[in-house]
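Take a look at the structure set out below.
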Amino acid sequence: MGSQGRVTISTVARRAGRSISTVSAALNGGPGVSQATREEILAIARELGYVADPAARLLRARHTGVIGVSYMPGQAFQVALVDGLYAAAARHSHALSLAAATPRHEEIRGIEELVRERCEGIVVVDSRIGVTELMQACGDLPLLTLCRESQAPGVDIVRSDDARGMSALVDHLVSGGRSDLVHIDGADAPSSSIRAAAFLSATAERGVAGRVVPGDDDEAAGVAAVTDLVRSGALPQALLCFNDHVAIGAVLELRRRGLRVPEDVAVAGFDDIALAGLSALDLTTVRQEVDVITELAVRHLASRLDCGTENPITELPPGVRREERADGASAFIVRPHLVVRGSTA
(Lines give C-alpha, C1' and ligand atoms only; values in the text may rest on other atoms or scores of the structure.)
Protein backbone atom coordinates (compact mmCIF):
# COMPACT_ATOMS: atom_id res chain seq x y z
CA MET A 1 0.00 0.00 0.00
CA GLY A 2 1.50 3.39 -0.98
CA SER A 3 1.91 6.42 1.21
CA GLN A 4 -1.48 7.78 0.11
CA GLY A 5 -3.14 4.62 1.43
CA ARG A 6 -1.24 4.30 4.71
CA VAL A 7 -3.35 2.59 7.35
CA THR A 8 -3.77 4.85 10.38
CA ILE A 9 -5.66 4.50 13.62
CA SER A 10 -8.45 6.53 11.97
CA THR A 11 -8.64 3.92 9.20
CA VAL A 12 -9.12 1.16 11.77
CA ALA A 13 -11.72 3.24 13.66
CA ARG A 14 -13.77 3.80 10.49
CA ARG A 15 -13.75 0.09 9.58
CA ALA A 16 -14.66 -0.93 13.14
CA GLY A 17 -17.34 1.73 13.51
CA ARG A 18 -15.75 2.86 16.77
CA SER A 19 -14.33 6.08 18.12
CA ILE A 20 -10.62 6.79 17.73
CA SER A 21 -10.21 6.83 21.54
CA THR A 22 -11.76 3.36 21.83
CA VAL A 23 -9.56 1.98 19.06
CA SER A 24 -6.47 3.59 20.61
CA ALA A 25 -7.24 2.03 23.99
CA ALA A 26 -7.76 -1.37 22.38
CA LEU A 27 -4.55 -1.25 20.37
CA ASN A 28 -2.44 0.04 23.24
CA GLY A 29 -3.86 -2.15 26.02
CA GLY A 30 -5.65 0.76 27.70
CA PRO A 31 -8.58 0.46 30.14
CA GLY A 32 -12.28 0.84 29.43
CA VAL A 33 -12.52 -1.63 26.54
CA SER A 34 -14.15 -5.03 26.83
CA GLN A 35 -12.19 -8.09 25.84
CA ALA A 36 -14.57 -8.84 22.97
CA THR A 37 -14.26 -5.31 21.59
CA ARG A 38 -10.49 -5.40 21.96
CA GLU A 39 -10.23 -8.68 20.03
CA GLU A 40 -12.53 -7.39 17.30
CA ILE A 41 -10.48 -4.21 16.84
CA LEU A 42 -7.18 -6.13 16.89
CA ALA A 43 -8.49 -8.48 14.22
CA ILE A 44 -9.49 -5.55 12.00
CA ALA A 45 -6.10 -3.90 12.53
CA ARG A 46 -4.34 -7.09 11.46
CA GLU A 47 -6.57 -7.43 8.42
CA LEU A 48 -5.83 -3.86 7.32
CA GLY A 49 -2.11 -4.20 8.01
CA TYR A 50 -2.05 -1.45 10.64
CA VAL A 51 1.42 -0.67 12.06
CA ALA A 52 1.75 1.66 15.03
CA ASP A 53 3.56 4.96 14.48
CA PRO A 54 6.54 4.87 16.90
CA ALA A 55 6.94 8.66 16.87
CA ALA A 56 3.33 9.18 17.89
CA ARG A 57 3.67 6.54 20.58
CA LEU A 58 6.71 8.33 22.01
CA LEU A 59 4.79 11.60 22.14
CA ARG A 60 2.07 9.94 24.22
CA ALA A 61 4.43 8.02 26.46
CA ARG A 62 5.54 9.20 29.87
CA HIS A 63 8.92 7.57 29.20
CA THR A 64 10.48 7.43 25.76
CA GLY A 65 13.22 4.95 26.70
CA VAL A 66 15.42 6.65 24.09
CA ILE A 67 19.15 6.92 24.77
CA GLY A 68 20.95 9.83 23.15
CA VAL A 69 24.47 9.24 21.81
CA SER A 70 27.00 11.92 20.91
CA TYR A 71 30.01 10.82 18.84
CA MET A 72 32.53 11.89 16.16
CA PRO A 73 31.97 9.96 12.90
CA GLY A 74 35.54 10.50 11.65
CA GLN A 75 37.01 8.01 14.15
CA ALA A 76 36.64 4.34 13.20
CA PHE A 77 36.66 3.22 16.83
CA GLN A 78 33.84 5.61 17.72
CA VAL A 79 31.76 4.24 14.85
CA ALA A 80 32.39 0.70 16.17
CA LEU A 81 31.18 1.81 19.59
CA VAL A 82 28.01 3.29 18.10
CA ASP A 83 27.37 0.02 16.26
CA GLY A 84 27.80 -1.84 19.56
CA LEU A 85 25.43 0.57 21.31
CA TYR A 86 22.77 -0.06 18.64
CA ALA A 87 23.04 -3.81 19.16
CA ALA A 88 22.93 -3.54 22.96
CA ALA A 89 20.01 -1.11 22.91
CA ALA A 90 18.03 -3.47 20.67
CA ARG A 91 18.67 -6.37 23.04
CA HIS A 92 17.24 -4.35 25.91
CA SER A 93 14.29 -2.79 24.04
CA HIS A 94 15.67 0.74 23.91
CA ALA A 95 16.14 3.06 20.97
CA LEU A 96 19.08 5.31 20.14
CA SER A 97 19.10 8.86 18.87
CA LEU A 98 22.44 10.03 17.46
CA ALA A 99 24.15 13.40 17.35
CA ALA A 100 27.32 13.55 15.26
CA ALA A 101 29.97 16.10 16.23
CA THR A 102 31.47 17.57 13.06
CA PRO A 103 33.45 20.73 12.20
CA ARG A 104 30.15 22.53 11.50
CA HIS A 105 28.04 20.87 14.17
CA GLU A 106 29.49 21.30 17.64
CA GLU A 107 29.28 18.48 20.16
CA ILE A 108 27.49 20.57 22.81
CA ARG A 109 24.89 21.69 20.27
CA GLY A 110 24.22 18.07 19.36
CA ILE A 111 23.77 17.05 23.00
CA GLU A 112 21.33 19.91 23.57
CA GLU A 113 19.36 18.69 20.55
CA LEU A 114 19.22 15.19 22.03
CA VAL A 115 17.80 16.64 25.25
CA ARG A 116 15.11 18.52 23.29
CA GLU A 117 14.23 15.30 21.46
CA ARG A 118 13.18 13.76 24.82
CA CYS A 119 16.10 11.39 25.19
CA GLU A 120 16.13 10.13 28.77
CA GLY A 121 19.86 9.55 29.15
CA ILE A 122 22.99 10.61 27.26
CA VAL A 123 26.04 8.56 26.27
CA VAL A 124 29.03 10.64 25.19
CA VAL A 125 31.61 8.71 23.19
CA ASP A 126 35.29 9.57 23.62
CA SER A 127 34.59 13.29 24.11
CA ARG A 128 37.18 16.06 24.46
CA ILE A 129 34.68 18.50 25.97
CA GLY A 130 35.04 19.28 29.66
CA VAL A 131 32.83 17.14 31.89
CA THR A 132 31.31 20.19 33.58
CA GLU A 133 30.22 21.52 30.19
CA LEU A 134 28.80 18.11 29.24
CA MET A 135 26.81 17.99 32.48
CA GLN A 136 25.39 21.46 31.87
CA ALA A 137 24.27 20.46 28.37
CA CYS A 138 22.58 17.30 29.72
CA GLY A 139 20.73 19.15 32.48
CA ASP A 140 19.08 16.65 34.83
CA LEU A 141 19.49 13.67 32.49
CA PRO A 142 21.79 10.77 33.46
CA LEU A 143 25.17 11.11 31.73
CA LEU A 144 27.53 8.23 30.90
CA THR A 145 30.90 8.75 29.22
CA LEU A 146 32.52 6.02 27.13
CA CYS A 147 36.29 5.47 26.92
CA ARG A 148 37.18 8.45 29.09
CA GLU A 149 38.25 8.80 32.70
CA SER A 150 36.25 11.15 34.91
CA GLN A 151 35.87 11.74 38.63
CA ALA A 152 32.95 14.14 38.20
CA PRO A 153 30.14 13.59 40.73
CA GLY A 154 27.18 11.74 39.28
CA VAL A 155 28.79 10.89 35.93
CA ASP A 156 29.01 7.17 35.11
CA ILE A 157 31.84 5.86 32.95
CA VAL A 158 32.67 2.71 31.01
CA ARG A 159 36.21 2.48 29.64
CA SER A 160 39.05 0.12 28.88
CA ASP A 161 41.94 -0.39 31.26
CA ASP A 162 44.26 1.66 29.05
CA ALA A 163 47.20 1.37 31.44
CA ARG A 164 47.00 -2.41 31.34
CA GLY A 165 46.83 -2.43 27.56
CA MET A 166 49.85 -0.16 27.17
CA SER A 167 51.82 -2.20 29.69
CA ALA A 168 51.07 -5.36 27.68
CA LEU A 169 52.40 -3.69 24.52
CA VAL A 170 55.64 -2.69 26.27
CA ASP A 171 56.05 -6.22 27.65
CA HIS A 172 55.57 -7.70 24.18
CA LEU A 173 58.14 -5.43 22.53
CA VAL A 174 60.73 -5.73 25.29
CA SER A 175 60.42 -9.52 25.28
CA GLY A 176 61.11 -9.37 21.54
CA GLY A 177 64.45 -7.68 22.18
CA ARG A 178 63.55 -4.02 21.70
CA SER A 179 65.10 -1.71 24.27
CA ASP A 180 64.55 1.74 22.69
CA LEU A 181 60.86 2.60 22.55
CA VAL A 182 58.94 5.75 21.59
CA HIS A 183 55.29 6.50 22.29
CA ILE A 184 53.46 8.90 19.94
CA ASP A 185 50.83 10.48 22.19
CA GLY A 186 47.27 11.50 21.40
CA ALA A 187 47.50 15.21 22.28
CA ASP A 188 44.26 16.17 24.07
CA ALA A 189 42.37 12.96 23.26
CA PRO A 190 40.60 11.58 26.38
CA SER A 191 42.86 8.58 27.04
CA SER A 192 46.12 10.16 25.90
CA SER A 193 47.51 11.07 29.31
CA ILE A 194 46.68 7.65 30.77
CA ARG A 195 48.41 5.78 27.94
CA ALA A 196 51.47 8.05 27.96
CA ALA A 197 51.90 7.73 31.73
CA ALA A 198 51.49 3.96 31.53
CA PHE A 199 54.10 3.78 28.76
CA LEU A 200 56.68 5.70 30.80
CA SER A 201 55.94 3.65 33.91
CA ALA A 202 56.21 0.34 32.03
CA THR A 203 59.48 1.20 30.28
CA ALA A 204 61.00 2.45 33.55
CA GLU A 205 60.01 -0.75 35.36
CA ARG A 206 61.63 -2.87 32.66
CA GLY A 207 64.80 -0.77 32.50
CA VAL A 208 64.52 0.23 28.83
CA ALA A 209 64.60 3.62 27.15
CA GLY A 210 61.17 5.17 26.77
CA ARG A 211 60.37 8.55 25.19
CA VAL A 212 57.04 10.28 24.51
CA VAL A 213 56.75 12.53 21.43
CA PRO A 214 53.84 14.79 20.45
CA GLY A 215 51.10 13.35 18.27
CA ASP A 216 47.34 13.36 17.80
CA ASP A 217 44.63 10.85 16.92
CA ASP A 218 44.89 10.60 13.12
CA GLU A 219 47.15 9.23 10.39
CA ALA A 220 48.78 12.62 9.81
CA ALA A 221 50.13 12.52 13.36
CA GLY A 222 51.92 9.24 12.63
CA VAL A 223 53.43 10.64 9.45
CA ALA A 224 54.58 13.82 11.24
CA ALA A 225 56.10 11.94 14.18
CA VAL A 226 58.12 9.60 11.95
CA THR A 227 59.27 12.56 9.86
CA ASP A 228 60.51 14.39 12.96
CA LEU A 229 62.22 11.31 14.40
CA VAL A 230 64.06 10.58 11.14
CA ARG A 231 65.17 14.20 10.74
CA SER A 232 66.50 14.30 14.30
CA GLY A 233 68.29 10.98 13.91
CA ALA A 234 66.35 9.58 16.86
CA LEU A 235 64.31 6.83 15.21
CA PRO A 236 63.75 4.08 17.84
CA GLN A 237 63.51 0.32 17.59
CA ALA A 238 59.76 0.46 18.20
CA LEU A 239 56.89 2.95 17.93
CA LEU A 240 53.90 2.53 20.24
CA CYS A 241 51.17 4.77 18.90
CA PHE A 242 48.21 6.37 20.66
CA ASN A 243 45.77 4.56 18.38
CA ASP A 244 45.60 2.54 15.17
CA HIS A 245 45.08 5.61 12.96
CA VAL A 246 48.40 7.07 14.17
CA ALA A 247 50.09 3.69 13.75
CA ILE A 248 48.83 3.36 10.16
CA GLY A 249 50.28 6.78 9.32
CA ALA A 250 53.59 5.77 10.92
CA VAL A 251 53.77 2.50 8.96
CA LEU A 252 53.04 4.22 5.65
CA GLU A 253 55.67 6.92 6.24
CA LEU A 254 58.31 4.39 7.31
CA ARG A 255 57.70 2.38 4.16
CA ARG A 256 57.77 5.51 1.99
CA ARG A 257 61.25 6.19 3.35
CA GLY A 258 62.41 2.66 2.51
CA LEU A 259 62.38 1.41 6.11
CA ARG A 260 61.10 -2.07 6.90
CA VAL A 261 58.36 -2.84 9.42
CA PRO A 262 59.09 -4.61 11.73
CA GLU A 263 62.74 -5.38 10.81
CA ASP A 264 63.95 -1.77 11.09
CA VAL A 265 61.18 -0.35 13.28
CA ALA A 266 58.36 -2.24 14.98
CA VAL A 267 55.00 -0.42 15.11
CA ALA A 268 52.00 -1.00 17.38
CA GLY A 269 48.63 0.71 17.70
CA PHE A 270 45.67 0.71 20.06
CA ASP A 271 41.92 -0.06 19.57
CA ASP A 272 42.00 -2.83 16.92
CA ILE A 273 39.92 -1.09 14.26
CA ALA A 274 39.01 -3.10 11.17
CA LEU A 275 41.89 -1.73 9.08
CA ALA A 276 44.47 -3.00 11.59
CA GLY A 277 43.83 -6.60 10.59
CA LEU A 278 44.30 -6.09 6.85
CA SER A 279 47.21 -8.10 5.49
CA ALA A 280 48.78 -4.96 4.00
CA LEU A 281 49.15 -3.54 7.53
CA ASP A 282 49.00 -6.57 9.84
CA LEU A 283 49.14 -4.20 12.80
CA THR A 284 49.87 -5.31 16.34
CA THR A 285 47.44 -3.49 18.61
CA VAL A 286 45.37 -3.58 21.79
CA ARG A 287 41.78 -4.67 21.30
CA GLN A 288 39.19 -2.72 23.26
CA GLU A 289 36.27 -5.07 23.91
CA VAL A 290 33.55 -3.08 22.14
CA ASP A 291 30.68 -5.48 22.81
CA VAL A 292 31.43 -5.66 26.53
CA ILE A 293 31.83 -1.88 26.83
CA THR A 294 28.60 -1.08 25.01
CA GLU A 295 26.56 -3.77 26.77
CA LEU A 296 27.63 -2.41 30.16
CA ALA A 297 26.90 1.14 29.06
CA VAL A 298 23.37 0.44 27.86
CA ARG A 299 22.43 -1.80 30.77
CA HIS A 300 23.75 0.56 33.41
CA LEU A 301 22.28 3.71 31.87
CA ALA A 302 18.95 1.95 31.30
CA SER A 303 18.80 1.17 35.02
CA ARG A 304 19.02 4.94 35.64
CA LEU A 305 16.11 5.85 33.35
CA ASP A 306 13.26 4.82 35.66
CA CYS A 307 11.41 3.16 32.77
CA GLY A 308 10.93 -0.10 34.63
CA THR A 309 12.71 -2.02 31.87
CA GLU A 310 16.10 -2.84 33.37
CA ASN A 311 17.58 -3.98 36.63
CA PRO A 312 20.93 -2.71 37.93
CA ILE A 313 24.01 -4.76 37.03
CA THR A 314 24.79 -7.13 39.88
CA GLU A 315 27.10 -9.64 38.16
CA LEU A 316 30.05 -8.41 36.14
CA PRO A 317 31.40 -10.13 33.01
CA PRO A 318 34.89 -11.65 33.26
CA GLY A 319 37.64 -9.06 33.05
CA VAL A 320 35.51 -6.17 34.33
CA ARG A 321 35.89 -4.34 37.60
CA ARG A 322 33.52 -1.80 39.07
CA GLU A 323 34.40 1.27 41.11
CA GLU A 324 31.86 3.34 42.99
CA ARG A 325 32.46 7.06 42.56
CA ALA A 326 31.16 10.29 44.08
CA ASP A 327 27.38 10.80 44.38
CA GLY A 328 26.64 7.18 43.53
CA ALA A 329 28.29 7.22 40.09
CA SER A 330 29.81 3.97 38.83
CA ALA A 331 32.90 3.28 36.75
CA PHE A 332 33.25 0.02 34.82
CA ILE A 333 36.85 -0.75 33.79
CA VAL A 334 37.11 -3.39 31.03
CA ARG A 335 40.26 -5.44 30.46
CA PRO A 336 41.61 -5.07 26.89
CA HIS A 337 43.58 -7.74 25.04
CA LEU A 338 46.89 -7.66 23.17
CA VAL A 339 46.63 -8.69 19.53
CA VAL A 340 50.05 -9.59 18.09
CA ARG A 341 50.46 -9.30 14.31
CA GLY A 342 53.26 -8.89 11.82
CA SER A 343 54.11 -5.24 12.48
CA THR A 344 56.05 -6.29 15.59
CA ALA A 345 56.69 -9.99 15.05
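Return the only residue of Val265, Val292, Val286 being in contact (Cβ under 8 Å) with a residue 60 or more places away in the chain and of a type in the set (Val, Ile, Thr).
On the way: Val265 fails: in contact (Cβ under 8 Å) with a residue 60 or more places away in the chain; Val292 fails: in contact (Cβ under 8 Å) with a residue 60 or more places away in the chain.
Only one candidate passes the filter, namely Val286.
Looking at the range 18-33 only, could you name the residues that are surrounded by 10 or more Cβ atoms within 10 Å (Cβ to Cβ) and assigned to a loop (DSSP other than H, G, I, E, B)? Please lay out each step first, then the result.
Here is the first cut: in the range 18-33, the residues surrounded by 10 or more Cβ atoms within 10 Å (Cβ to Cβ) are 18-28, 30, 33.
Selection gives Arg18, Ser19, Asn28, Gly30, Val33.
State yes or no: is Ala198 among the aliphatic types (A, V, I, L, M), surrounded by 16 or more Cβ atoms within 10 Å (Cβ to Cβ) and not in a helix (DSSP H, G or I)? Talk me through it step by step, then tell me what you get.
Details: among the aliphatic types (A, V, I, L, M): yes; surrounded by 16 or more Cβ atoms within 10 Å (Cβ to Cβ): yes; not in a helix (DSSP H, G or I): no.
For Ala198, the condition - among the aliphatic types (A, V, I, L, M), surrounded by 16 or more Cβ atoms within 10 Å (Cβ to Cβ) and not in a helix (DSSP H, G or I) - is not met.
Tell me which residues, restricted to the range 34-53, are of a type outside the set (D, E, K, R), part of a helix (DSSP H, G or I) and surrounded by fewer than 12 Cβ atoms within 10 Å (Cβ to Cβ). Show your work before the answer.
From the range 34-53, those of a type outside the set (D, E, K, R) are 34-37, 41-45, 48-52; that's our starting set.
Next, only the ones that are part of a helix (DSSP H, G or I) stay: 35-37, 41-45, 48.
Hits for the range 34-53 are Gln35, Ala36, Ala43.
May I ask you to list pairs of residues, at least six apart or on different chains, whose Cβ atoms are under 8 Å apart, with the first in the range 247-260 being assigned by TED's automatic domain parsing to the domain that holds Ala225 and the second being surrounded by fewer than 17 Cβ atoms within 10 Å (Cβ to Cβ) and among the aromatic types (Phe, Trp, Tyr)?
Pairs that qualify, where the first residue is assigned by TED's automatic domain parsing to the domain that holds Ala225 and the partner is surrounded by fewer than 17 Cβ atoms within 10 Å (Cβ to Cβ) and among the aromatic types (Phe, Trp, Tyr): there are none.
In the set Ala204, Ala152, which member is of a type in the set (Gly, Ala, Ser) and touching a residue at least 24 places away in the same chain (Cβ under 8 Å)?
On the way: Ala204 fails: touching a residue at least 24 places away in the same chain (Cβ under 8 Å).
Just a single option satisfies the conditions, and that option is Ala152.
Determine whether Ala225 is touching a Ser or Thr at 6+ places or on another chain (Cβ under 7 Å), in contact (Cβ under 8 Å) with a residue 12 or more places away in the chain and of a type in the set (A, V, I, L, M).
Working: touching a Ser or Thr at 6+ places or on another chain (Cβ under 7 Å): no; in contact (Cβ under 8 Å) with a residue 12 or more places away in the chain: yes; of a type in the set (A, V, I, L, M): yes.
No: the conditions fail for Ala225.
Listed residues Val292, Val246, Val339, Val320; which is modelled with pLDDT of 95 or more, touching a strand residue (DSSP E or B) at 6+ places or on another chain (Cβ under 8 Å) and crowded, with 24+ Cβ neighbours inside 10 Å?
Working: Val292 fails: crowded, with 24+ Cβ neighbours inside 10 Å; Val339 fails: crowded, with 24+ Cβ neighbours inside 10 Å; Val320 fails: crowded, with 24+ Cβ neighbours inside 10 Å.
After ruling out the rest, the residue left standing is Val246.
Any chance the range 165-176 includes a residue that's of a type outside the set (Lys, Arg), assigned to a loop (DSSP other than H, G, I, E, B), more than 21 Å from Leu85 (Cβ to Cβ) and in contact (Cβ under 8 Å) with a residue 60 or more places away in the chain? Explain how you work it out, then say what you get.
Within the range 165-176, the subset of a type outside the set (Lys, Arg) is 165-176.
Checking the rest, the ones that are also assigned to a loop (DSSP other than H, G, I, E, B) come to 176.
Subsequent filtering for residues that are more than 21 Å from Leu85 (Cβ to Cβ) retains 176.
Now restrict to residues that are in contact (Cβ under 8 Å) with a residue 60 or more places away in the chain: 176.
Yes, the conditions are met somewhere in the range 165-176.
For the range 230-345, which fully contained strands (runs of 3 or more DSSP E) count at least 2 residues that are under 22 Å from the mean Cα position of the chain (by Cα)?
On the way: elements: 238-241, 266-268, 285-287, 320-324, 330-334, 337-339.
Where strands (runs of 3 or more DSSP E) fall fully within the range 230-345 and carry at least 2 residues being under 22 Å from the mean Cα position of the chain (by Cα), they are 285-287, 320-324, 330-334, 337-339.
The values are calculated or read from the model by the stated rules, or taken from the named source; none is laboratory data. Here the structure is a predicted model, which means the values were calculated and not measured. For neighbour counting, all protein chains shown are included, and Cβ atoms are generated from backbone atoms with ideal geometry for every residue, glycine included.
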